[in-house]
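The values are calculated or read from the model by the stated rules, or taken from the named source; none is laboratory data. Model, not experiment: these values are computed from the prediction. Neighbour counts are summed over all protein chains in view; Cβ atoms, including those assigned to glycine, are modelled from backbone coordinates with ideal geometry. Ligands, DNA and RNA are stripped out before the accessible areas are found, and what is left, the full protein with its side chains, is counted by its heavy atoms. Shrake-Rupley method; radii C 1.70, N 1.55, O 1.52, S 1.80 Å.
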Amino acid sequence: IASIHIQENFKRQSIGSKLVKRLCEFFKTKNVENVYLSYVIGNTEAENFWNKLGFQNIMIIADSTIGDIIKRLA
């Protein structure tokens, strides 16, 4: 799942859950067994939503600038 965004005035209407349900129904017809997604650390709304659906963190992706890395290696 690359991106799901619900506009503020449509939140708390189970739209996100309905979207994910339809996606999973489609995935099942294609014999998909696992679903992966990402969200930004600190986005507690997304974290709570996905955790409620049974998703668990399995990887952290981190970034830095080349300049900062070189500075710290000096």
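Total Lys pairs in the chain closer than 26 Å by alpha-carbon, pairs eight or more apart in sequence or interchain only?
9
Do any trypsin sites (Lys or Arg not before Pro) in region 1-54 lie in a loop, going by DSSP, with at most 13 other beta-carbon atoms within 10 Å of their beta carbon, and if so which?
Loop-located and lightly packed - Lys11, Arg12, Lys30.
Taking each pair of distinct Cα atoms in region 33-74 once, what is the resulting Kirkwood hydrodynamic radius in Å? Intermediate values should be presented prior to the final figure.
Details: mean 1/r = 0.0783 Å⁻¹.
This gives a value of 12.8 Å.
What number comes out for accessible area per residue over region 33-74 if the probe is 1.4 Å? Units Å², please.
Per residue, region 33-74 has an accessible area of 96 Å².
Within the accessible area of the chain, what % is carbon and sulfur when the probe is 1.4 Å and the other protein chains stay in place?
55
Which semi-axes, in whole Å and largest first, does the equivalent ellipsoid of the chain have when worked out from the alpha carbon gyration tensor as the square roots of 5 times its eigenvalues?
Those come to 32, 17, 10 Å.
If the chain between Met59 and Arg72 were fully stretched, how many nm would it gain, using 0.36 nm times the residue separation less the Cα-Cα distance?
Working: separation 13, 0.36 × 13 = 4.68 nm, distance 2.40 nm.
Here the segment from Met59 to Arg72 would lengthen by 2.3 nm.
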